[in-house]
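Report on one structure; see the data block that follows.
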Amino acid sequence: MAQKLTANTKYVRLLAWLRRTFPLQHPVRVRRVQIKDCGTCEFNDDTNRFHIQIDCRQCSALARDSLIHEWAHALTWFCPADDDHCAEWGVAYARIYREYLKWNYGRGPEEN
């Protein structure tokens, strides 16, 4: 019988999986902090680094969804579109989410 994963373990595994499976053009710092939005993604030109913040007050499932959402922003940050949620972002988000649903936190399909 498989061990049930904690919410924190799922979040940490998701972040490691994103780093491996959907690498970014620049380093990224991800933090869970208290912010007014579900999440934010910014690029610092001085440090050449992405900064992703996820609101720490969210439930674990929403925090994971927000991380995927913000990761898609980082993947498409340098696209020419002016819209934050442009077609390129939508494709990146869908691609990540489809793979995420298959991945199952690195466990086999029988381990849910």
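Here are a few things to note about the model shown:
- Shape category assigned to the stretch 44-103 from the gyration tensor of Cα positions, a/c cut at 1.5: oblate
- Which of HIS69, THR47, VAL30, positive extreme of dipole for the chain (C-beta unit charges): VAL30
- Cβ crowding within 10 Å ranks ILE52, ILE68 as ILE68, ILE52, fewest other Cβ atoms first.
- Distance distribution note for the chain: the fraction of Cα pairs above 23 angstrom is 29%.
- Each Lys and Arg Cβ is given +1 and each Asp and Glu Cβ -1; about its Cα centre, the chain then shows a dipole of about 720 debye.
- Reach of LYS36 by Cα under 30 Å, taken over lysines that are not fewer than 8 positions away in the same chain: LYS10
- Cα-based shape type of the stretch 1-42, given that a ≥ b ≥ c are square roots of the gyration tensor eigenvalues and the cut on a/c is 1.5: oblate
- Each Lys or Arg adds one and each Asp or Glu takes one away; over the other residues whose Cβ falls under 14 Å from the Cβ of GLY90, this sums to -1.
Bear in mind these aren't lab numbers, they're just calculated from the coordinates by the rules spelled out. Predicted model only: the values in this text are computed from it and were never measured. Ideal geometry is used to build each Cβ from the backbone, glycine not excepted, and the neighbour counts take in all protein chains shown.
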